[in-house]
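Here the structure comes first, spelled out in C-alpha cells, and everything after it is commentary.
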Amino acid sequence: MDGGRRSFLAAVAAGTGLFLSYGLFAAYAVSFLFPPPVRRRPRRLFLGRQTDFRPGEARALVDDRGRTLLVIADGGTLTAFDTRCPHLGCQVHWEPKEARFVCPCHLGMFDRNGVAFAGPPAAAHQALTRVPLDVDAVSGTVFLRSDA
C-alpha cells in the first residue's frame, strides 16, 4: 500500500504543477491580449515669462513633439497655435500689422483667434489648432501643457 500512496502523491503533485503552470500561462495570455491602459502623465514645458511676450507679436517655438507653435500675446493673455494650416498642412505665418495668420498655399487667412475668414479654410469652416498654455499667476511663468 506504500507504493499506492506514493504514486497518488506523485500524481497530485504533477496535477498541481500542471494546473499552476497552465494558470500562469493563461494569465500571461490574457494580459498580452488585453493590456492595461497606459496613463500618460501630462508635462509642462517652460516657455518663458509672461513679460517676454510683447503684445501683438508672435513668438515661434518648437514643442517636444517637433511641432512649430506660434504664441500670440494679446492684451495680457497668451494663446498658442499650431502653425499647420488645417486645409493642407502648410505652415502659416503671423502678420502683426494686420493681426492675422496667413497660409501661403491658398491664401487662407485666420484672425487672431485662429478662425479662418478667407480662402479654402474659411469655406470649410476650419480653424487653427489651439495648444493649451498654463500661466503661473504669482511668478508670471508660462508653460506649455504636453500630453506626450
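Computed from the coordinates by the stated procedures, all read-outs in this text should not be read as laboratory data. Model, not experiment: these values are computed from the prediction. Reconstructed Cβ throughout: ideal geometry from the backbone, glycine too, with neighbour counts over all protein chains shown.
Given the stretch 6-45, report the % of alpha carbon pairs whose separation exceeds 15 Å.
Beyond 15 Å sits 64 percent of the P(r) for the stretch 6-45.
Using the count of nearby Cβ atoms within 10 Å as a rough guide to exposure, how do Leu107, Leu144 rank from fewest to most?
Fewest-to-most Cβ neighbours within 10 Å comes out as Leu107, Leu144.
What ranking do His125, His93 get, fewest neighbouring Cβ atoms within 10 angstrom at the top?
Details: His125 9, His93 14.
Result, fewest neighbours first: His125, His93.
Counting alpha carbon pairs within less than 8 Å and at least 6 residues apart, what relative contact order, in whole percent, applies to the chain?
Relative contact order, the chain: 22 percent.
Please state the charge dipole magnitude for the chain, taken about the Cα centre, from unit charges on C-beta atoms (+1 on K and R, -1 on D and E), reported in debye and rounded to the nearest 20.
Here the size comes out at about 420 debye.
Treat the chain as a sphere of radius equal to its Kirkwood radius over Cα pairs and apply Stokes-Einstein at 37 °C in a medium of 0.692 mPa s; give the translational diffusion coefficient in µm²/s, rounded to a whole number.
167 µm²/s
Show that you can apply the helix-only estimate: for the chain, add -39,500 (n - 2.57) for every DSSP H stretch of four or more residues, divide by all residues, and state [θ] at 222 nm to the nearest 500.
-8000 deg cm²/dmol
Between Phe32 and Arg6, how many nm apart are label points set 7 Å from Cα along the C-beta direction?
3.9 nm
Please give the FRET efficiency for Phe25 paired with Asp134, using the beta carbon to beta carbon distance and R0 = 35 Å, rounded to the nearest 0.05.
On the way: r = 47 Å, r/R0 = 1.34.
E between Phe25 and Asp134, to the nearest 0.05, is 0.15.
Mind giving me the FRET efficiency for Thr51 and Val115? R0 is 22 Å, r the Cβ-Cβ distance, nearest 0.05 is fine.
That gives a FRET efficiency of 0.20.
Once Rh for the stretch 56-95 is found with the Kirkwood sum over Cα pairs, what is the Stokes-Einstein diffusion coefficient at 4 °C and 1.567 mPa s, in µm²/s?
121 µm²/s
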